[in-house]
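K.L.:
Quick one: this structure, given as structure tokens, is what I'll be asking you about.
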Amino acid sequence: MTADELRSTIINGLSCDHVEVQGDDGQHFEAVIVSPQFTGKNIIQQHQLVYLTLGERMREEIHALSMRTFTPDDWAQTFGLNNFGEMNDGRTRKNS
């Protein structure tokens, strides 16, 4: 499984605003997932939703998955833009 295939599986199974997946050995992955379906759920429940989405792939194809999960509001507060056009993590947004 590639990181792109894992990303597609997550997107097809969850309503997502943002998904990033990294991993180049086909078994170990890191993901950032932003979903409105996480609203009102604790981190364990959020991860369980992702595991449910991955189903048997989690047991058969994926050896390890490190996740950072966010609700859209949490994502915006953590990584959104402030009133000065700067990223909340201190970076300045580049104009394209």
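K.L.:
Do you know which residues across region 1-23 are part of a loop (DSSP other than H, G, I, E, B) and without any contact (Cβ under 8 Å) to a residue 24 or more places away in the chain?
P.N.:
Matches in region 1-23: 15, 16, 23.
K.L.:
Considering region 24-54 alone, what residues qualify as being at pLDDT 95 or above and part of a loop (DSSP other than H, G, I, E, B)?
P.N.:
35, 39, 40, 41, 42
The values are calculated or read from the model by the stated rules, or taken from the named source; none is laboratory data. As the structure is a computational prediction, the values presented were derived from the model and not from experiment. We place every Cβ from the backbone using ideal geometry, glycine too, and count neighbours over all the protein chains shown.
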